[in-house]
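Computed from the coordinates by the stated procedures, all read-outs in this text should not be read as laboratory data. Quick caveat, the model's predicted, so the values are computed rather than measured. Reconstructed Cβ throughout: ideal geometry from the backbone, glycine too, with neighbour counts over all protein chains shown.
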Amino acid sequence: MFLFDLISSYISGLILIICVMVGVAFLTLLERKVLGYVQIRKGPNKVGFWGIPQPFCDAIKLFTKEQTYPVMSNYLMYYFSPIISLFLVLMTWMVFPMEWGMWSFNLGVLFFLCCLSLGVYTVMIAGWSSNSNYALLGGLRAVAQTISYEVSLALILMSFILLISSFSLFDLYKYQKFIWFMFISFPMMLVWFVSCLAETNRTPFDFAEGESELVSGFNVEYSSGGFALIFLAEYASILFMSMLLILLFIGGDVFSFMFYIKLSFISFMFIWVRGTLPRYRYDMLMYLAWKSFLPLSLNYLVFFLGLKIFLLIYLLY
């Protein structure tokens, strides 16, 4: 029985990773199509019907290109940081709340925070090991930005942990069967969304990849497979953050079709923001994290704590 459970866990984990990879492939296609229409032009439309096989053509092109590396780079770290980056993002997907044979467990929120924190190191090492000034500056920016916004994300998660008294993502779904948390914490939902944009290095917070001043940021020296892995990690992270936003605020019933409609819409919003907003100024990014989002997150944490105490007193008496 134990062996069957173990094998079913590994198989379901593998299926989940394959589904995430396919989702990432079509998210890139969606992004190119949406950005095309935002800029009043067609997106990819030459390969196959409506350009649908385009992501697979891109993958074949990237992974069959010659792998180059700077002579002065720290080769092992340079080579392995994109691999570890993708591995960490796929590890976070293991907390996807399923009731059968999956890896979802009671401390899912803590596991997510650990993987999120480790993700900073891969970007930092990728930037440093390239031995390029542009890549190093991009890596430093990414580290400062990610650490700043992680604080707000952790505090928002802590608020919900206090509210439901559990670290399990599955419990978040159970508590939202009758009313979504969005209705009692709409400002927090907006803060979470903006923090997710900053956390995944997306426009208008894409300072780590600011092509106007850093050529291409921390990934400037990467080509072919290494670049593809960094790209995959970023988009898998976008999908995961969208999924987490739904679980936290919009009642994530993963067994319903509506869950995937919501997931598609939130992912579309990441692209919509990219097509609409110009890049922020770097000092304003830091100001937003420490002067706006941190006080708001702390206030909500105190509010949820008060709400919890009030409910306990009410139930006791």
Relative counts (whole %) of C-alpha pair distances in the stretch 151-190, using bins that are 5 Å wide
6, 22, 32, 31, 9, 1
Length gained when the stretch L3-I147 is fully extended (0.36 nm per residue, less Cα-Cα span):
47.8 nm
May I ask for the longest run of the chain untouched by GluC sites (Glu not before Pro) that are loop-located per DSSP and have at most 13 neighbouring C-beta atoms (other than their own) within 10 Å?
100-317
Filtered pair list for the chain (Lys only, Cα < 17 Å, 8 or more apart or interchain) has a length of 4
Ellipticity estimate at 222 nm from DSSP helix runs (n ≥ 4, -39,500 (n - 2.57)) divided over the chain, nearest 500
-23500 deg cm²/dmol
Which value in nm describes the separation of the simple spin-label points at M98 and V38, placed 7 Å from the Cα toward the beta carbon?
3.3 nm
Starting at the first residue of the stretch 192-201, write each ³J(HN,Hα) from the Karplus equation 6.51 cos²θ - 1.76 cosθ + 1.60 with θ = phi - 60°, in whole Hz, x for Gly and Pro.
4, 5, 5, 5, 5, 4, 5, 5, 9, 6
Under-5 Å amide H pairs with N201, H placed in peptide plane, nonlocal only
none
With springs only between Cα atoms under 10 Å apart, run a GNM on the chain and tell me which of Y287, Y235, Y121 wobbles the most.
Y287
Give me Rg/Rg_expected for the stretch 64-127, where Rg uses Cα atoms only and Rg_expected = 2.2 N^0.38 Å with N residues.
1.45
Taking L110, L248, L14 and counting other C-beta atoms within 10 Å, the order from fewest to most:
L14, L110, L248
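Under the rule a/c < 1.5 gives rounded, and otherwise a/b versus b/c splits prolate from oblate, where does the stretch 92-248 land using the Cα gyration tensor?
It comes out prolate by the Cα gyration axes.
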Helix 224-249: angle to the longest alpha-carbon principal axis of the chain, degrees 0 to 90, nearest 10?
20 degrees
Residue by residue through the stretch 172-187, the couplings from Karplus 6.51 cos²θ - 1.76 cosθ + 1.60 with θ = phi - 60°, in Hz, x for Gly and Pro, are 4, 5, 4, 6, 10, 5, 9, 8, 6, 5, 4, 6, 9, 8, 5, x
Please report, in Å, the Rg and the Dmax of the stretch 240-317, where both are computed over Cα atoms only.
17.8, 54
Kindly state, to the nearest 0.05, the FRET efficiency for K61 paired with L107, given R0 = 45 Å and r defined as their beta-carbon distance.
0.65
Set the Förster radius R0 to 35 Å, insert the Cβ-Cβ distance between N74 and I17 as r into 1/(1 + (r/R0)^6), and round the FRET efficiency to 0.05.
0.75
What does the convex hull of the Cα atoms come to per residue for the chain, in Å³?
154 Å³
Calculate the translational D of the stretch 1-126 in whole µm² s⁻¹ from Stokes-Einstein, where the hydrodynamic radius comes from the Kirkwood formula applied to all Cα pairs, the temperature is 37 °C and the viscosity 0.692 mPa s.
186 µm²/s
The percentage of Cα-Cα pairs in the stretch 3-66 separated by more than 20 Å is 45 percent
